[in-house]
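Okay, so here's the structure we're looking at.
The values are calculated or read from the model by the stated rules, or taken from the named source; none is laboratory data. Note that the structure is predicted; figures quoted are calculated from it, not measured. Please note: Cβ atoms are built from the backbone with ideal geometry, for glycine as well, and neighbour counts cover all protein chains shown. Heads up: the accessible areas ignore ligands, DNA and RNA and are worked out on the full protein's heavy atoms, side chains in. Shrake-Rupley method; radii C 1.70, N 1.55, O 1.52, S 1.80 Å.
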Amino acid sequence: MSNISRKNSSNYGANLSRDYKSFQDFIRASYINVYGEVTQETYRSYFKEKNKLYPDIQETRENAANILDKLPIYQLKAWSIRNLRRLKYSQPNVGIDTMVHQQSNELEKELNELIINAGDELDLNPDIPIPEYYKYVDFHQQPGGVWRDDIDGLIYDYGRATTNPNQSDPNQVYYNMWDKLPKNKQYKNVLDWGTGHGGGIIAWMLNNPNSKGYGVDISAPCLKLAHVRAREAGVKVKFSQQDIANLNYKDNFFDMIFHMFMLHELPQKVTPFLFEEACRVLKPGGIFIGMELALLEGVPSQHILLQTDTWLNNEPYMASCVDADYKKIAKNAGFSKVEAIKVVRNTDAMGPVAKDIPPKATWNYYVFEK
Ligand SMILES: C[S@@+](CC[C@H](N)C(=O)[O-])C[C@H]1O[C@@H](n2cnc3c(N)ncnc32)[C@H](O)[C@@H]1O
């Protein structure tokens, strides 16, 4: 077929057609528009309506939701969030999931050949129980989740190219987070907590070759892909299939554990135990650092818009995550110093945002020391 280009040189992956590439470019451009201009217009319409109908009533989440629900621009935003993501994965010809499934036989065979000589760099546990809170949710609308079929890791890896559509380097999120690490410490043993496709720990190892890198995840397909990507990058990482509720590392082993957008995929009832377990395997003075979306103080409409993004993208635990007091949970779990560094951006994450509306991007860097 003339419009098929071979995958990116020597890297493991699918054959990507020109149609696939242009469709995914269209998805990226549409995200930028929806999270940029459509979101700005939603805020403007919302404030106009609120000032017209209820000038004297204090804004609450409930009345913000009621006003937003009736606005056509909000309905367009909600429809787009749901359906762009759906199309990204499941468009019948050029969705990521569709495209990878069309080549699944070859891709699974190749993946399993590539991991034959993994040795102690890949430790899989086919009998591991999958937690229910994870098993029944297709997070961010990836059909079937990221853990069932061998190709699921590759689908996840392709998907992240448009998760932060304005950042051409998907690893930028890790560099920004590591900037917040205390500078006076040595990070020798480093664990990527919920490593997924392995992008975070691979980027760490490329920049910190004297560290020993570890990646833990419950998903075997993700770990297989992560191992292959680490080999392609020329770094050594020990990937291991474990539940972060019950790690098989000894006490006081890691100098640093990091995580990325992990907390909103965990229900509140498990988070305290997971923090305790992370604290157990950290050395005294070790750092547990992570990035997570957060709310603006006193802007209930921002909360509703954030929740719209998350519910429609199948992120059910985000609702409680943004209200959780992670500093308190970390203190109770045994950390001695806890800090939440809030970042509020008017620009950058999803395109420029005008001054007359609340900033679009807000998140916390949680930095906990044992
Ligand atoms: C939000 S993703 C983060 C992936 C990656 N670290 C990144 O930066 O994009 C969450 C990851 O955590 C894994 N995960 C979720 N619950 C887990 C658990 N209980 N034990 C181990 N891994 C888990 C998922 O399989 C998924 O790969």
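Tabulated data for the structure shown
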quantity: Listed pairs Lys283/Lys328; Lys250/Lys327; Lys88/Lys238 exceeding 23 Å between Cα atoms; calculated: Lys250/Lys327; Lys88/Lys238
quantity: Per residue, in Å², the accessible surface of the chain once ligands and nucleic acids are set aside, probe 1.4 Å; calculated: 45 Å²
quantity: Proportion of all alpha-carbon pairs of the chain beyond 33 Å (%); calculated: 32 percent
quantity: Burial order of peptide ranges 113-122, 241-250 (average beta-carbon count within 10 Å, highest first); calculated: 241-250, 113-122
quantity: Theoretical gain in end-to-end length, Gln58 to Asp127 [0.36 nm per residue, Cα-Cα removed]; calculated: 19.5 nm
quantity: Portion, in percent, of the accessible area of the chain that falls on carbon or sulfur, probe 1.4 Å; calculated: 51 percent
quantity: Loop trypsin sites (Lys or Arg not before Pro), the range 204-241, which have at most 15 other Cβ atoms in a 10 Å radius of their Cβ (DSSP); calculated: Lys236
quantity: Highest-MSF residue in the chain out of Val270, Val228, Val237 [GNM, Cα springs under 10 Å]; calculated: Val270
quantity: Residue-level accessible surface for His303, protein heavy atoms, 1.4 Å, Å²; calculated: 20 Å²
quantity: Sparsely packed trypsin sites (Lys or Arg not before Pro) within the range 27-115, loop by DSSP, other Cβ within 10 Å at most 13; calculated: Lys70
quantity: Share, in percent, of DSSP beta bridges within the chain that are antiparallel, nearest 5; calculated: 45 percent
